[in-house]
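Beneath this line is the structure, given in structure tokens, with notes to follow.
Readers should treat all values here as calculations from the given coordinates under stated rules, not as data from a laboratory. All values reported here derive from a predicted model rather than from experimental measurement. A quick note on method: Cβ atoms are made from the backbone with ideal geometry, for glycine too, and the neighbour counts reach across all protein chains shown.
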Amino acid sequence: MTITIPLVLRTLRKRHTPPRAFLQFRTPLDLLVATILSAQCTDARVNAVTKDILYPKYRTAKDYASVSQRELEHDIHSCGTFRNKAKHIRQMCALLIKEHKGEVPETLEALIRLPGVGRKTASVVLWAAFGISEGIAVDTHVLRLARRLGLSKAHTPEGVEKDLMCKTSRKDWGVLTTLLISHGRATCTARKRQCDVCPFRSTCPSSWIAGKKDRTRQDPRSYP
Ligand code: SF4
């Protein structure tokens, strides 16, 4: 039996109730900043920094654009790569003020023109903050799960996104992302496939219970 997207959605909905976004936010700008901070950093660390430091201090694009590079670096240093992240946040907020009256735009095209914002970040913000489905945010969990479950053979986030978008009804793009992330964190982790407790154990093409190899390891490229 082939694993289909409707089956994945049905099955994982019974096991997980993921939040709309794993990063805590009050406004679209909060989510945009938090998503930039989350590159190579855990959601737990970002949520701690935003809750304790950023959100009490910064509310508008002007707040971020007018702070010094040094001060913002200090505020976000525990999130890693803080120099680049601070630079991107300040430049992004300056552009929001210049071209969007300080507001976060609601189109993919406008979002990916902002410094530090790629397609994945734009998709997360559009769906979680505005309820708009423009893409599927492929992070390390989504990439790994899509390959292990046989939903995609692509090796890049762009290729996996294209495959998943073709097979998934648009209204489910956002929830598919958060369900795959939840399953990737709880059961099918990068280090360990817990196939013995997984609902896909008998049909998954990477299930060791069914005597299969990990499909993310079947080529020389490395996967997270
Ligand atoms: S059966 Fe194993 S490899 Fe497949 S999704 Fe479940 S835990 Fe991952």
Filtering the chain for DSSP H helices with an axial alpha carbon extent of at least 18 Å and a Kyte-Doolittle mean of at least 0.5 returns 173-186
If the reach is capped at under 15 angstrom between alpha carbons, list the aspartates and glutamates near K162, excluding any in the same chain fewer than eight residues apart.
E134, D139, D172
Mean Cβ-within-10 Å packing, highest first, puts peptides 111-119, 77-85 in the order 111-119, 77-85
Compute the whole-percent fraction of alpha carbon pairs in the chain spaced more than 27 Å apart.
37 percent
Enumerate the aspartates and glutamates that K98 could reach by cross-link, defined here as Cα to Cα under 17 Å, with residues fewer than 8 away along the same chain left out.
D63, E106, E109
Assuming a ≥ b ≥ c are the square roots of the Cα gyration tensor eigenvalues, decide whether the range 28-103 counts as rounded (a/c under 1.5), prolate (otherwise, with a/b larger than b/c) or oblate.
prolate
Show which aspartates and glutamates lie in cross-link reach of K62 when reach means a straight Cα distance below 12 angstrom and same-chain residues fewer than eight apart are skipped.
E103
In deg cm²/dmol, rounded to 500, what helix-only [θ] at 222 nm does the chain give when every DSSP H run of at least 4 residues adds -39500 (n - 2.57) and the total is split over its residues?
-14500 deg cm²/dmol
